[in-house]
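The values are calculated or read from the model by the stated rules, or taken from the named source; none is laboratory data. Keep in mind that what you see is a predicted model, and the values were worked out from it rather than measured. Neighbour counts run over all protein chains shown; Cβ positions are idealised from the backbone, glycine included.
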Amino acid sequence: MTTSKKVQAPVNFEDAMKRLDEIVAKLEEDKLPLDEMIALYEEGVTLSRLCSEKLENAEQKVRLITRQSDGNITLENFNERGES
């Protein structure tokens, strides 16, 4: 009998990476039932996508840091930036 419990996905990058590390460690033990391994793998894929999206968003934000003519540095939100 397999118990299925819904795990709430971490909201921030660091928590998601920590959970991914835990999943990898469990999968490397190779002592889990197949159903549990598959469930952990699915969770890992979801977390991996979440982390990838968060990294991509962070990279885009960093690219939007611009130096103004007066020397001030500003950050424009890439979602709100108008195309010129």
Inset, instruction - Could you tell me which residue of segment 1-56 is modelled with the lowest pLDDT, considering only residues that are basic (Lys, Arg) and not in a helix (DSSP H, G or I)? - result: Lys5
Legend entry - Number of positions in segment 7-32 that are aliphatic (A, V, I, L, M), under 20 Å from Ala58 (Cα atoms) and either loosely packed, with under 12 Cβ neighbours inside 10 Å or in contact with a strand residue (DSSP E or B) (Cβ under 7 Å, 6 or more places away or on another chain) (or both): 1
Legend entry - Cβ-Cβ under 9 Å pairs, at least 6 apart or on other chains, segment 27-38 side in contact (Cβ under 8 Å) with a residue 12 or more places away in the chain, far side surrounded by 10 or more Cβ atoms within 10 Å (Cβ to Cβ): Leu27/Met37; Leu27/Leu40; Leu27/Tyr41; Leu27/Gly44; Glu36/Lys26
